[in-house]
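The values are calculated or read from the model by the stated rules, or taken from the named source; none is laboratory data. All of these numbers come straight from a predicted model, not from anything done at the bench. Using ideal geometry, Cβ is built from the backbone for each residue, glycine included, and neighbour counts are taken over all protein chains shown. Quick note on the areas: whole protein, heavy atoms, side chains included, nothing else; ligands and nucleic acids left out. Shrake-Rupley method; radii C 1.70, N 1.55, O 1.52, S 1.80 Å.
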Amino acid sequence: MTHYDYHRPETVEEVLGLKRVLPAATFIAGGTDLMVRIKNRVLNPPALISLRAVTELGGIEDGEHTRIGALTTIDELCRHPLIAERYPLLAQAARRLGSRQIRNVATLGGNLCNCSPCADTATPLLVYDAQVQLQGPDGSRQVTLAEFFVGPGQTCSSPEEILSQIILPPPPADARTLFMKKGRVKMDLAIASTSVVLVLDGELCQEARLAVGSVAPVALRLPLAESVLAGQKLSSELSAEVARVATTEIAPIGDIRASADYRRQIIEVYLRRSIDQLAGIVQ
Amino acid sequence: MKIDLSFTLNGSPINTSVAVDRRLVDLLRDELDLTGTKIGCEEGECGACTVLVDGQAVNSCLFPAPEVDGKHVITIEGLGESDNRLSELQQAFVDQGGIQCGFCSPGMILSARALLNENPNPSQDEIREALGGNLCRCTGYVQIVDSIQTAAARENSDD
């Protein structure tokens with residue numbers, strides 16, 4: 001059994017102060033991933049600094065931009081009317097994350113800070129152009145989520161910084177959206193996942209935003225596939241072409257859950273299906 | 001390093017002291033002798049350790065004990081009636097064959113309790129969704145779903 005100290009500060013200032021004194025300490029939010037890693041001895045922190053009593057890190061604020069406190073639980077995202085109305089992909093992805101027991105405790109900030117390519121909330125936030133606010137001893141800074149994700153388990157934040165807020169600009173008006181996730185059973189981590197936002201003008205695709213998870217070192221947008229789709233007249237041939245281009249922008253690996261080829265194929269099928277469904281194309 | 005904790009356990013206030021690196025499941029089983037909460041996978045997959053914290057189902061194997069301070073905790077030991085009778089939900093599991101070896105039952109029943117508290121009349125799909133994080137290796141899930149529907153019907157007819 002690993003032994004560690006445990007601290008429960010109540011303000012961000014106290015959190016940052018503790019981290020200065022205990023540089024080897026690890027931050028813990030919901031702990032649903034961290035506690036497993038400690039049990040399996042993947043991590044052996046001398047101390048944990050819990051963020052759970054820091055009330056200023058919670059809450060969802062309405063405004064021109066929606067600000068989601070990093071400590072907001074996945075279950076809160078599932079239920080919040082503002083999220084369901086303005087950012088439906090985020091609500092849908094949250095409902096597909098883990099079990100109810102996990103969703104009750106796991107936080108949005110934790111899901112992002114683990115920086116797993118299969119984080120369920122990552123692809124919706126990428127298509128909504130989310131930014132994250134990082135707070136450290138030298139003040140706070142805002143970076144795009146795409147900049148925040150550096151590699152598997154690796155973010156652009158320094159060890160002294162915490163993620164405090166997720167900031168969402170207004171979603172595109174009249175957008176049609178679809179989230180898809182492939183797992184063997186419902187509780188699984190994603191084998192592959194897709195978030196699609198389309199703005200249509202009749203048969204014309206005015207704007208397209210596509211993001212994919214579990215098929216590259218980080219969850220990512222697909223600028224090339226988006227550019228093939230944007231400004232074009234929608235057809236089943238075009239969706240197939242977009243999906244084919246998308247497979248050139250990803251770099252899946254094979255692991256215990258699926259082979260690289262299977263992941264590539266799922267992405268192609270899911271993107272084609274998403275675009276066809278949102279555009280009302282019958283196959 | 002130890003920490004003093006004050007919380008409500010199965011309706012009664014409790015003050016205790018625990019090593020800070022213990023999990024809620026360790027506190028319940030090893031310090032407070034409440035062994036109804038089971039340890040299965042210890043990774044949040046099986047749900048055998050499910051308890052309610054402030055009414056919400058959580059995996060007590062992933063819940064650091066210090067976080068329970070000031071909270072309300074309900075374990076399987078807290079569900080029965082005061083005269084040692086089983087609650088209606090527990091009795092329904094017995095009547096419908098929702099229990100076989102019994103190892104998953106405390107977690108199943110607490111997940112079901114959380115569900116019925118927020119949705120007294122759940123559909124079969126809603127029950128299966130709520131139990132997604134609880135694994136049973138004996139009965140299969142049909143009898144467990146039946147048990148919860150039976151409990152819901154009995155509880156609703158009491159009102």
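For region A:145-281, what is the charge dipole size about the Cα centre, in debye to the nearest 20, if Lys and Arg each add +1 at the Cβ and Asp and Glu each add -1 at the Cβ?
Here region A:145-281 has a charge dipole of around 540 debye.
For residue A:238, what charge total do you get from the other residues with a beta carbon under 13 Å from its beta carbon, if Lys and Arg give +1 and Asp and Glu give -1?
Overall, the nearby charge balance is -2.
Write down Rg/Rh for region B:33-102, rounded to two decimals, with Rg from the C-alpha atoms and Rh from the Kirkwood relation over Cα pairs.
0.99
With charges set only on the Cβ (+1 for Lys and Arg, -1 for Asp and Glu), what does the dipole of region A:147-224 come to about its Cα centre, in debye to the nearest 20?
My answer is approximately 460 debye.
Can you give the accessible area of residue B:141 in Å² (nearest 10), computed on protein heavy atoms with a 1.4 Å probe?
Taking all protein chains as shown, residue B:141 has close to 70 Å².
Based on alpha-carbon centroids, what's the gap between region B:62-111 and region A:206-283 in Å, whole number please?
Region B:62-111 and region A:206-283 have Cα centres spaced 45 Å from each other.
Pairing the Cα long axis of helix A:260-279 with the longest principal axis of chain A, what angle in degrees results, from 0 to 90 and rounded to the nearest 10?
Roughly 60 degrees between the two axes.
How much accessible area does residue B:95 have with a 1.4 Å probe, in Å² rounded to the nearest 10?
For residue B:95, the solvent-accessible surface is approximately 80 Å².
Using Cα atoms only, what is the angle between the long axis of helix A:236-248 and the major principal axis of chain A, expressed in degrees (0 to 90) to the nearest 10?
Around 40 degrees separate the two axes.
Projected onto the charge dipole of the protein assembly as shown (+1 at Lys/Arg Cβ, -1 at Asp/Glu Cβ, origin at the Cα centre), which of A:197, B:120, A:135 gives the Cα projection farthest towards the positive end?
Going by the Cα projections, it comes out as A:197.
Quick one: compute the contact order of chain B, relative version, from alpha carbon pairs under 8 angstrom and 6+ residues apart, as a percent.
Relative contact order here is 23 percent.
Determine how many Å³ per residue the convex hull of the Cα atoms of region B:88-157 encloses.
Cα-based convex hull of region B:88-157, divided per residue, equals 69 Å³.
Of A:181/A:233; A:182/B:71; A:39/B:71, which sit over 31 Å apart, Cα to Cα?
As for pairs spanning more than 31 Å Cα to Cα, those are A:182/B:71.
Please report, in cubic angstrom per residue, the volume enclosed by the convex hull of the alpha-carbon atoms of chain A.
So the per-residue hull volume is 127 Å³.
If you count, for every residue in B:54-63, the Cβ atoms of partner chains within 10 Å of its Cβ, what is the mean?
6
Shielding of B:41-47 by partners, i.e. mean partner chain Cβ atoms within 10 Å per residue?
Across B:41-47, the average partner-chain Cβ count within 10 Å equals 5.
For chain B, find the longest principal axis of its Cα atoms and tell me its angle to the long axis of helix B:142-158, 0 to 90°, nearest 10.
Value to nearest ten degrees: 90.
Taking each residue of A:29-36 in turn, how many C-beta atoms of other protein chains fall within 10 Å of its C-beta, and what is the average?
Average per residue, whole number: 5.
Quick one: putting +1 on the C-beta of Lys and Arg, -1 on the C-beta of Asp and Glu, what dipole do you get for chain A around its Cα centre, in Debye to the nearest 20?
Roughly 1140 debye, rounded to the nearest 20.
Sort A:35, A:187 by heavy-atom solvent-accessible area, probe 1.4 angstrom, most to least.
These residues rank, largest area first, as A:187, A:35.
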